[in-house]
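Novice: Can you read through this structure? Questions will come right after.
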Amino acid sequence: MESIQIKDKKFAISITEEQILKEVDRVATEINRDLKDKNPLFLSVLNGSFMFTADLMKRITIPCEISFVKLASYQGISSTGKITEVIGVNEDISGRCVVIVEDIVDTGLTMQRLLETLGTRNPKEIHIASLLVKPEKLQVPLNIKYAAMNIPNDFIVGYGLDYDGLGRNYKDIYTVINE
Ligand code: 5GP
């Protein structure tokens, strides 16, 4: 499908499944090479990264573990505003090599909070694997060691990413058409 309609928005195909899987392959090769003796714990951030996680993990051939986390955002009473709670980290991550598996890093604020939260649990090292990065939008310095693709500052759906709950099921990535 060259274009799709979701609610009020029209999207055009921008990254095909074939292009995505080529980059996922590359990232997996890098991780297999870099972390082979580290028994990494992959923490997949739901919901958006479920498709990326599945395709990535099929290509990871080193001993490793995988777990799934969710972020719950709520307004705190402190002046810092929004608080992000990480739900589902049941493993003891102290001393472990952790790889966060994310769908997209936009401003980077979500990832920064995730790193802060996980950092308090004394992991040995934390790496970021993100399917997509919007470098122009990044507001905080982040070392995204394993980035599959950089994209422009446009809203996208597909391959796990949604618009208002819809569109996660598409195998390709679509970019919104501004009318
Ligand atoms: P950040 O905190 O980096 O600004 O935002 C990260 C989150 O915003 C992602 O995990 C994702 O849920 C959402 N997001 C950012 N850009 C997009 C986009 O282009 N499409 C979709 N579907 N979600 C996005």
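The values are calculated or read from the model by the stated rules, or taken from the named source; none is laboratory data. All values derive from a computational prediction rather than experimental measurement. A quick note on method: Cβ atoms are made from the backbone with ideal geometry, for glycine too, and the neighbour counts reach across all protein chains shown.
Novice: Keeping to the stretch 148-176, report how many residues are touching a residue at least 40 places away in the same chain (Cβ under 8 Å), surrounded by fewer than 20 Cβ atoms within 10 Å (Cβ to Cβ), more than 9 Å from the ligand (Cβ to nearest atom) and within 21 Å of Met57 (Cβ to Cβ).
Specialist: Within the stretch 148-176, residues that are touching a residue at least 40 places away in the same chain (Cβ under 8 Å), surrounded by fewer than 20 Cβ atoms within 10 Å (Cβ to Cβ), more than 9 Å from the ligand (Cβ to nearest atom) and within 21 Å of Met57 (Cβ to Cβ) number 3.
Novice: Scan the stretch 127-146 for residues that are buried (at least 19 other Cβ atoms within 10 Å of the Cβ) and away from the ligand (no atom under 12 Å from the Cβ) and jot them down.
Specialist: His127, Ala129, Tyr146 - these are the residues of the stretch 127-146 that are buried (at least 19 other Cβ atoms within 10 Å of the Cβ) and away from the ligand (no atom under 12 Å from the Cβ).
Novice: So which residues in the stretch 93-120 are part of a helix (DSSP H, G or I), more than 12 Å from the ligand (Cβ to nearest atom) and surrounded by fewer than 17 Cβ atoms within 10 Å (Cβ to Cβ)?
Specialist: Listed by number, the residues that qualify are Glu116, Thr117, Gly119.
Novice: Just one of Lys38, Lys7, Lys22 is on the phi > 0 side of the Ramachandran plot and at pLDDT 95 or above; which is it?
Specialist: Exactly one residue qualifies, and that residue is Lys7.
Novice: Let me ask something else about it. List the residue pairs whose Cβ atoms are under 6 Å apart, where the first residue sits in the stretch 6-34 and is under 26 Å from His127 (Cβ atoms), the second is part of a helix (DSSP H, G or I), and the two are 6 or more positions apart or on different chains.
Specialist: Final answer for the pair search is Val24/Asp55; Val24/Leu56; Ala28/Leu56.
Novice: Is it the case that Val89 is modelled with pLDDT under 95, part of a loop (DSSP other than H, G, I, E, B) and over 29 Å from Ile6 (Cβ atoms)?
Specialist: When the stated conditions are applied, Val89 passes them.
Novice: Kindly indicate which of Val69, Val45, Val24 is closer than 18 Å to Asn150 by Cβ, β-branched (Val, Ile, Thr) and either surrounded by 14 or more Cβ atoms within 10 Å (Cβ to Cβ) or within 16 Å of the ligand (Cβ to nearest atom) (or both). If you could, list the steps in order and put the result at the bottom.
Specialist: On the way: Val69 fails: closer than 18 Å to Asn150 by Cβ; Val45 fails: closer than 18 Å to Asn150 by Cβ.
Of the residues listed, the single one that is closer than 18 Å to Asn150 by Cβ, β-branched (Val, Ile, Thr) and either surrounded by 14 or more Cβ atoms within 10 Å (Cβ to Cβ) or within 16 Å of the ligand (Cβ to nearest atom) (or both) is Val24.
Novice: State whether one or more residues within the stretch 72-82 are at negative phi, of a type outside the set (Ser, Thr, Tyr) and in contact (Cβ under 8 Å) with a residue 12 or more places away in the chain. Give the steps one after another, and end with the answer.
Specialist: Within the stretch 72-82, the first condition is being at negative phi, and the residues that meet it are 72-80, 82.
Of the ones still in play, those that are also of a type outside the set (Ser, Thr, Tyr) are 72, 75-77, 82.
From what is left, the residues that are in contact (Cβ under 8 Å) with a residue 12 or more places away in the chain are 72.
So far as the stretch 72-82 goes, yes, one or more of its residues are at negative phi, of a type outside the set (Ser, Thr, Tyr) and in contact (Cβ under 8 Å) with a residue 12 or more places away in the chain.
Novice: Being outside any strand (DSSP E or B), modelled with pLDDT of 95 or more, in contact with a strand residue (DSSP E or B) (Cβ under 6 Å, 6 or more places away or on another chain) and not aliphatic (A, V, I, L, M) narrows it down to one of Pro123, Pro141, Pro152, so name that one. Even if it seems obvious, please write down each step before you answer.
Specialist: Working: Pro141 fails: in contact with a strand residue (DSSP E or B) (Cβ under 6 Å, 6 or more places away or on another chain); Pro152 fails: in contact with a strand residue (DSSP E or B) (Cβ under 6 Å, 6 or more places away or on another chain).
The unique qualifying residue is Pro123.
Novice: Could you grab me the full set of residues in the stretch 110-166 that are among the small types (Gly, Ala, Ser) and over 29 Å from Asn178 (Cβ atoms)? First the steps, then the outcome.
Specialist: First, pick out the residues of the stretch 110-166 that are among the small types (Gly, Ala, Ser): 119, 129-130, 147-148, 158, 160, 165.
Gly119, Ala129 - these are the residues of the stretch 110-166 that are among the small types (Gly, Ala, Ser) and over 29 Å from Asn178 (Cβ atoms).
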